[in-house]
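This report concerns only the one structure given below.
The values are calculated or read from the model by the stated rules, or taken from the named source; none is laboratory data. Everything numeric in this text was worked out from a predicted model, so none of it was measured. So basically every Cβ, Gly included, is an ideal-geometry build from the backbone, and we count neighbours across all protein chains shown.
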Amino acid sequence: MNNEHDFHDVHANRAIDAETASRAVDILRSPQAGYSSVDETDSAIAPLEHVLAATPDGPLRTTILSNLGLIRMARFQLTAARADLDSAIACLREALASREPYGSHPALSATIPNLISALHTRAEFTGEWDDLDEAIAWGREAVVRVRPGLPQRAAALASLSSALRIRYERSRYPGDLTEAIDLGRQAAADLPPDHPRLGPALSNLGSALMASGLVHEAVGAYERALDRFRAAEDRGGTARTLNNLAGALAQAGRVAEALVAYEAALEAFRALGDSRGEDRVRHNLEVARVRMEPEAAHRLDGTPEAPAPPLM
């Protein structure tokens, strides 16, 4: 996302003390470092805000704003506070207000999928669905403006795919689902194997395929997503994808395998201390067990209850 010239500009700014400058540079080098507490996010935000206040318009300011948006999104994941989400979106929008072409500065092309994801998140969090339409508009612009072959473009495709799938779930317009699947497949094919968005992109593709009735392909997408989340040591993504995979396996008639995946998901959510996720998986597990009992299935008039929607 960043370059050595940006780091030099931080150090060269006489309005910033050396300790703050060094700390800011460290954060700019690894903006997606894992944050496990609010204190950690605050210790990252403070020096960047200090540097931002002394930084004029230009590539460095764009980079700082983009990274602040990422870190404020991380803070939102910890606090679920609307103010954190609003601040993240404001930073990302300001970063994209740069007049530079998106392809000329890496921070700009990387910021687009982050803004799409943030708007998408706020739409679901608040029910203000205009944010989802804005996310889709940004995604369509990214497809046109970001150079083909860049991982940032593939990431924008993945974010656009996710937003379209969510809009389909609200509107039931089949064109949104068809486009979500096409873009999701393209994003999954174009993202590098170690890209941090590959796991979420594959998981979203699995959910879109499930909505379209392509259950067996969905199983494959979820299995790949699970491998990616485990490799990245993303415990939350692993837990959610195990639940999604189990639901797809059950729909595919592979109920015994679904039970194993549900048990693993239950343990994963329990280890996270996520009681809501644990309750959802427990319900799905009970439904899957009913499907394995012929007498119970007969009492349901041959129409087993569908599992709860996959967690995202």
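Residue check: GLU267 meets all listed conditions (1) at pLDDT below 90; (2) more than 27 Å from GLU169 (Cβ to Cβ) but one, namely (1). LEU209 satisfies every condition listed in (1) within 21 Å of ALA158 (Cβ to Cβ); (2) part of a helix (DSSP H, G or I); (3) at pLDDT below 95 except (3).
Taking each residue of region 75-89 that is closer than 16 Å to ALA123 by Cβ and looking for partners that are buried (at least 19 other Cβ atoms within 10 Å of the Cβ) and among the acidic types (Asp, Glu) with beta-carbon atoms closer than 7 Å, six or more apart or interchain, yields PHE76/ASP84. Within region 265-280, being touching a residue at least 12 places away in the same chain (Cβ under 8 Å) and more than 24 Å from ASP194 (Cβ to Cβ) holds for ALA265, LEU266, PHE269, ALA271, ASP274, GLY277, GLU278, ARG280.
Being among the hydroxyl-bearing types (Ser, Thr, Tyr) and modelled with pLDDT under 85: is that true of THR241 here?
Details: among the hydroxyl-bearing types (Ser, Thr, Tyr): yes; modelled with pLDDT under 85: no.
Here the answer is no, as THR241 does not meet what is asked.
Here is the figure for region 215-254: residues that are buried (at least 17 other Cβ atoms within 10 Å of the Cβ) and assigned to a loop (DSSP other than H, G, I, E, B) total 2. Scanning region 179-206 for residues that are charged (D, E, K, R) and part of a loop (DSSP other than H, G, I, E, B) yields ASP194, ARG197. Of all residues in region 169-228, those satisfying the criterion of being within 28 Å of GLY149 (Cβ to Cβ) and among the charged types (D, E, K, R) are ASP176, GLU179, ASP182, ARG185, ASP190, ASP194, ARG197, GLU217, GLU223, ARG224, ASP227, ARG228. Taking the listed residues VAL255, VAL219, the one that is over 17 Å from LEU205 (Cα atoms), of a type in the set (A, V, I, L, M, F, W, C) and over 19 Å from the mean Cα position of the chain (by Cα) is VAL255, with no other qualifying.
Filtered by the rule that a residue be among the acidic types (Asp, Glu) and closer than 15 Å to ARG197 by Cα, region 221-256 gives ASP227, GLU233, ASP234. When ALA187 is tested against (1) more than 25 Å from ASP279 (Cα to Cα); (2) touching a residue at least 12 places away in the same chain (Cβ under 8 Å); (3) surrounded by fewer than 24 Cβ atoms within 10 Å (Cβ to Cβ), exactly one condition is not met: (3).
Could you tell me whether ARG165 is closer than 17 Å to PRO113 by Cα, out of contact with any Pro (no Cβ under 8 Å at 6 or more places or on another chain) and either in a helix (DSSP H, G or I) or aromatic (Phe, Trp, Tyr) (or both)? Considered against the rule, which asks whether it is closer than 17 Å to PRO113 by Cα, out of contact with any Pro (no Cβ under 8 Å at 6 or more places or on another chain) and either in a helix (DSSP H, G or I) or aromatic (Phe, Trp, Tyr) (or both), ARG165 comes out as yes.
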